[in-house]
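Reviewing the structure listed below.
The values are calculated or read from the model by the stated rules, or taken from the named source; none is laboratory data. Everything numeric in this text was worked out from a predicted model, so none of it was measured. Positions of Cβ are generated from backbone atoms using ideal geometry, with glycine treated the same way; all protein chains shown enter the neighbour counts.
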Amino acid sequence: GAGVSQSPSNKVTEKGKDVELRCDPISGHTALYWYRQSLGQGLEFLIYFQGNSAPDKSGLPSDRFSAERTGGSVSTLTIQRTQQEDSAVYLCASSLDRRLGYEQYFGPGTRLTVT
Amino acid sequence: AQSVTQLGSHVSVSEGALVLLRCNYSSSVPPYLFWYVQYPNQGLQLLLKYTSAATLVKGINGFEAEFKKSETSFHLTKPSAHMSDAAEYFCAVTKSGGTSYGKLTFGQGTILTVHP
């Protein structure tokens, strides 16, 4: 079946602009995660959603970052007033259930470049 | 809090040689451990996982890893390297319980180069 998809694959934006990154998880997967991969910080957890529960936002680096998940499926990560340090690859993952026996399936990522 | 240390940011082997990628973890509770592989410009793919069952875990593409509690290690091995194994490998840990389980903490990654 289809895997996790993310759009756009690449995004170049000017400092100070807002950007939206989209993630379509695997159908039926109840858990959805966002991670950030950057040269300086490696792979970092940002946020996760599990069904209708309140999301775990503990990894969001600042209040410029927010995310939502509509209808338990598609998720959008929004970065407001982008800064150069936001340049990174943003990875989305989904799993059938947050229980650990269910591995996370990753999308190809969105490469964000802030100029 | 959990953490993962991958020893060696770059490992180079000859085709057909043993692959050994090292991972040590720190966790206040029994951990669940994972190895992921990332090919250039692609997402992460799960190689194998340890979730408190057998300590020797076999994964895809001939890779395996052994969970050693006494050494807090979860090293990844493959008996014979293939050119197609060239990629970046990430070790990751998560809690085995509590409200934050499922959230992965990754090591810094090891780039594997395979020479003909």
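Please verify whether A:GLN80 is away from chain B (no Cβ under 12 Å) and either more than 26 Å from B:PRO40 (Cβ to Cβ) or surrounded by 13 or more Cβ atoms within 10 Å (Cβ to Cβ) (or both), treating the condition exactly as stated. It is true that A:GLN80 is away from chain B (no Cβ under 12 Å) and either more than 26 Å from B:PRO40 (Cβ to Cβ) or surrounded by 13 or more Cβ atoms within 10 Å (Cβ to Cβ) (or both).
Scan region B:93-101 and tell me whether some residue there is under 11 Å from the mean Cα position of the chain (by Cα) and at pLDDT below 95.
Yes, region B:93-101 has at least one match.
In the condition set (1) more than 16 Å from B:THR94 (Cβ to Cβ); (2) in a loop (DSSP other than H, G, I, E, B); (3) without any contact (Cβ under 8 Å) to a residue 60 or more places away in the chain, B:GLN45 is compliant with all but (2). Please work out if B:TYR25 is within 14 Å of another protein chain (Cβ to nearest Cβ), surrounded by 14 or more Cβ atoms within 10 Å (Cβ to Cβ) and within 16 Å of the chain's Cα centre (by Cα). Spelling it out, it is not the case that B:TYR25 is within 14 Å of another protein chain (Cβ to nearest Cβ), surrounded by 14 or more Cβ atoms within 10 Å (Cβ to Cβ) and within 16 Å of the chain's Cα centre (by Cα).
Just one residue in the set B:SER80, B:SER28 is of a type in the set (Gly, Ala, Ser), farther than 30 Å from A:PRO8 by Cα and out of contact with any Lys or Arg (no Cβ under 9 Å at 6 or more places or on another chain); that residue is B:SER80. Within region B:1-19, residues that are more than 16 Å from B:HIS75 (Cβ to Cβ) sit with their Cβ atoms under 8 Å from residues that are hydroxyl-bearing (Ser, Thr, Tyr) and surrounded by fewer than 12 Cβ atoms within 10 Å (Cβ to Cβ), at 6+ positions apart or across chains, in these pairs: B:ALA1/B:SER28; B:GLN2/B:SER28. Picking from residues in region A:38-76 that are under 22 Å from A:LYS15 (Cβ atoms) and in contact with a Phe, Trp or Tyr (Cβ under 8 Å, 6 or more places away or on another chain), the one that is surrounded by the fewest Cβ atoms within 10 Å (Cβ to Cβ) is A:GLU44.
Listed residues A:ARG64, A:ARG81; which is over 18 Å from B:THR105 (Cβ atoms), touching a Gly at 6+ places or on another chain (Cβ under 8 Å) and of a type in the set (D, E, K, R)?
The match here is A:ARG81.
Against the criterion of being among the acidic types (Asp, Glu), farther than 17 Å from A:CYS23 by Cβ and within 14 Å of chain B (Cβ to nearest Cβ), A:ASP97 qualifies.
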